[in-house]
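Only the coordinates and a few stated rules stand behind these numbers; no lab work does. Since this is a predicted model, take the numbers as computed values, not measurements. Glycine also receives a Cβ, built like all others from the backbone with ideal geometry; neighbour counts cover every protein chain displayed.
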């Protein structure tokens with residue numbers, strides 16, 4: 001096997017392996033709320049240089065998320081919200097402002113409205129949302145928050161409005177399968193089309209049947225490429241042996 005053939009074969013295996021990893025991660029998160037499927041792609045990179053041979057390497061590109069929202073499921077839990085349109089919840093993390101469609105909420109020990117991991121949600125004013133102890137909590141379709149404080153029956157109080165960001169331009173870096181860092185948080189825009197549904201939750205956007213079929217096909221491709229490289233290597237070794245004996 002020539003060096004060029006070997007490196008081309010290894011590049012193909014790396015691209016196929018990246019695809020397998022992405023599909024495996026997707027299938028493992030079919031039940032994860034707000035999960036955005038990972039997309040692994042590859043492209044041909046033609047050999048460069050004046051004396052480069054014809055042909056190209058197969059290069060695995062960095063995986064990116066499928067940004068379509070998952071289907072809404074009714075939970076009946078007032079501390080869950082589903083997002084429609086291109087909207088995202090904004091959360092405050094140690095890495096900066098991040099976006100999520102996992103609408104599993106909680107009220108932290110500090111009295112802040114937070115996501116399931118304890119990251120404070122941000123309001124339309126860019127600040128965390130502080131809540132007193134409530135007997136009821138209402139989140140409107142526009143993200144407006146209101147509730148009835150403990151000890152004040154019948155008195156509904158407003159507590160601000162959730163930020164509902166539009167899908168930003170440019171790539172986003174995944175902190176997890178459902179939490180993403182925009183390239184430039186200062187350029188986030190509010191989405192006029194985003195609608196919240198309290199008592200609902202966005203599921204994973206993974207198509208499990210399609211992903212399983214793709215994983216089977218990709219696994220076969222990996223095995224075929226491995227066998228092809230082995231056969232080519234064996235043939236080259238046999239030819240070198242014959243030439244050495246001659």
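A few comments on the model shown:
- Spin-label model, residue 207/residue 186: points 7 Å from Cα along the beta carbon direction are separated by 4.0 nm.
- Stretched out straight at 0.36 nm per residue, the stretch from residue 219 to residue 106 would grow longer than its current Cα-Cα span by 36.6 nm.
- The protection proxy used here, the mean number of other Cβ atoms lying within 10 Å of each residue, ranks peptides 15-21, 167-173 as follows, highest first: 15-21, 167-173.
- Pair residue 230, residue 77: separation of 7 Å Cα→Cβ label points (nm): 4.8 nm
- Cα gyration tensor, the stretch 72-202 - rounded (a/c under 1.5), prolate or oblate: prolate
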